[in-house]
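The values are calculated or read from the model by the stated rules, or taken from the named source; none is laboratory data. Since this is a predicted model, take the numbers as computed values, not measurements. In this analysis, Cβ positions are derived from the backbone assuming ideal geometry, glycine residues included, and neighbour counts consider all displayed protein chains.
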Amino acid sequence: MLHLAVLLALHLQPVSPTAPNRQPQLAAANGTVALVFGSGDSIWFSRSTDNGANFSPAAKIADLPKVLIGRHRGPRVAIIGSTIVVTAISGDLYAWRSTDSGRTWSKPAIVNDKPEASREGLNALAADPEGHLALAWLDDRTPGGKRLYGAFSSDSGATWSKNVMLYESPSGTICQCCAPSLAALGHGDFAVMWRNVVDGSRDLYTMRIRNGQPAGPAAKSGTGTWKLDACPMDGGGLTVHDGQLTAAWRREHDVYLAEPGKPETRLAAGTDIAIASNSQGAYVVWTTAQGIEAHVPGSASPVRISNAGAFPSLVALPDGGMLAAWEENNAIAFHRF
């Protein structure tokens, strides 16, 4: 049985009369909730200092001609202290840095060291409180197929490492247009998840990263498999709860959740998953034809949080709550759990 949640009325209205607000992404730390999104050829930023109850008027970070936005392409954001880092792709992978909580921004740095190697437009960004950041993206520098590449920072995004190939599929390519995900494990360690291509199956794989290098084998998520000769343009998500990884992803028409020590669980039919966790456990949000639905810890049935919208993002709030954001009617809509 599907439950209907009380819906929040908060919306961030379109910043342009000719282009919708698209592909929202959230980050939260140190009393700040950061929101980034794309509109036209511009990257925009807004912040909340009251746990998502209100957001500042959106401010433009930069114009980026031919910026890739849509189907999980778009800006990413991370917070380290008073420093905020935002990334986006327009052929190259650009990173902006603010050291005053988003009031002003640096000129962009290009992170990929092979021109336009990141042109697919799909990247993931994560940070830990100690100033370590990780970037992962689908890379085209090698002919014949896509690889998973990464770059790392130990100084809150002031500088970036040389690019590192994190994974190369034995089948010649990873899935060509599904977004990767990253989660910070602390002390500079990260976990990365991506959709792989192995013997005709397109399943999600996870791998640990230490000191900017792969630290162990890639492991398939879940017990089922998806035989598919096409890209579904739909990745998954990772979160850390009680020091352990929890993952959610789409396989065929369904959303699955894998928690430590438990078998995979089918949550519902849906696409375009986001996941985050707090002291209550893992929350998952996804898109359906009827709107945005969510898995809430302790609930046996999905909760509908909107009757419209797509491409949700999710973040744990500084006060222990949870906030979702998604595209809806050219604006960004929010729901607090």
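For the stretch 314-322, check the following and say yes or no: at least one residue is in a loop (DSSP other than H, G, I, E, B), among the aliphatic types (A, V, I, L, M) and either touching a Leu at 6+ places or on another chain (Cβ under 7 Å) or surrounded by fewer than 18 Cβ atoms within 10 Å (Cβ to Cβ) (or both).
Yes, that holds for at least one residue.
Residue pairs, Cβ under 7 Å, 6 or more apart or interchain, first in the stretch 228-247 and among the β-branched types (Val, Ile, Thr), second part of a loop (DSSP other than H, G, I, E, B). List them.
Matching pairs, first to second residue: Thr246/Glu259; Thr246/Pro260.
Among the aliphatic types (A, V, I, L, M) and either more than 26 Å from Ala59 (Cα to Cα) or surrounded by fewer than 21 Cβ atoms within 10 Å (Cβ to Cβ) (or both) - does that describe any residue in the stretch 104-116?
Yes: one or more hits.
Is it fair to say Ala179 is out of contact with any strand residue (DSSP E or B) (no Cβ under 6 Å at 6 or more places or on another chain), modelled with pLDDT of 95 or more, within 21 Å of Ala219 (Cβ to Cβ) and surrounded by 22 or more Cβ atoms within 10 Å (Cβ to Cβ)?
yes
Output yes when any residue across the stretch 77-88 is of a type in the set (Gly, Ala, Ser), buried (at least 22 other Cβ atoms within 10 Å of the Cβ), touching a strand residue (DSSP E or B) at 6+ places or on another chain (Cβ under 8 Å) and assigned to a loop (DSSP other than H, G, I, E, B), and no when none is.
No: the stretch 77-88 contains no residue that is of a type in the set (Gly, Ala, Ser), buried (at least 22 other Cβ atoms within 10 Å of the Cβ), touching a strand residue (DSSP E or B) at 6+ places or on another chain (Cβ under 8 Å) and assigned to a loop (DSSP other than H, G, I, E, B).
Residue-wise test of (1) of a type in the set (D, E, K, R); (2) more than 24 Å from Pro14 (Cβ to Cβ).
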{"site": "Arg251", "(1), (2)": "yes, yes"}
{"site": "Ala258", "(1), (2)": "no, yes"}
{"site": "Ala276", "(1), (2)": "no, yes"}
{"site": "Glu293", "(1), (2)": "yes, yes"}
{"site": "Ala308", "(1), (2)": "no, no"}
{"site": "Glu327", "(1), (2)": "yes, no"}
{"site": "Ala333", "(1), (2)": "no, no"}
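Pairs, please: C-beta under 6 Å, at least 6 apart or cross-chain, first residue within 11 Å of Arg202 (Cβ to Cβ) and of a type in the set (A, V, I, L, M, F, W, C) and in the stretch 249-260, second surrounded by 22 or more Cβ atoms within 10 Å (Cβ to Cβ) and at pLDDT 95 or above?
Pairs that qualify, where the first residue is within 11 Å of Arg202 (Cβ to Cβ) and of a type in the set (A, V, I, L, M, F, W, C) and the partner is surrounded by 22 or more Cβ atoms within 10 Å (Cβ to Cβ) and at pLDDT 95 or above, are Trp249/Leu204; Trp249/Tyr256.
Looking only at residues that are touching a residue at least 40 places away in the same chain (Cβ under 8 Å) and of a type in the set (Val, Ile, Thr) in the stretch 14-51, which one is nearest to Thr99 (Cα to Cα)?
Thr32
Evaluate the stretch 93-105: report whether one residue or more is out of contact with any His (no Cβ under 7 Å at 6 or more places or on another chain), among the β-branched types (Val, Ile, Thr) and assigned to a loop (DSSP other than H, G, I, E, B).
Within the stretch 93-105 (the criterion being out of contact with any His (no Cβ under 7 Å at 6 or more places or on another chain), among the β-branched types (Val, Ile, Thr) and assigned to a loop (DSSP other than H, G, I, E, B)), the answer is yes, since at least one residue qualifies.
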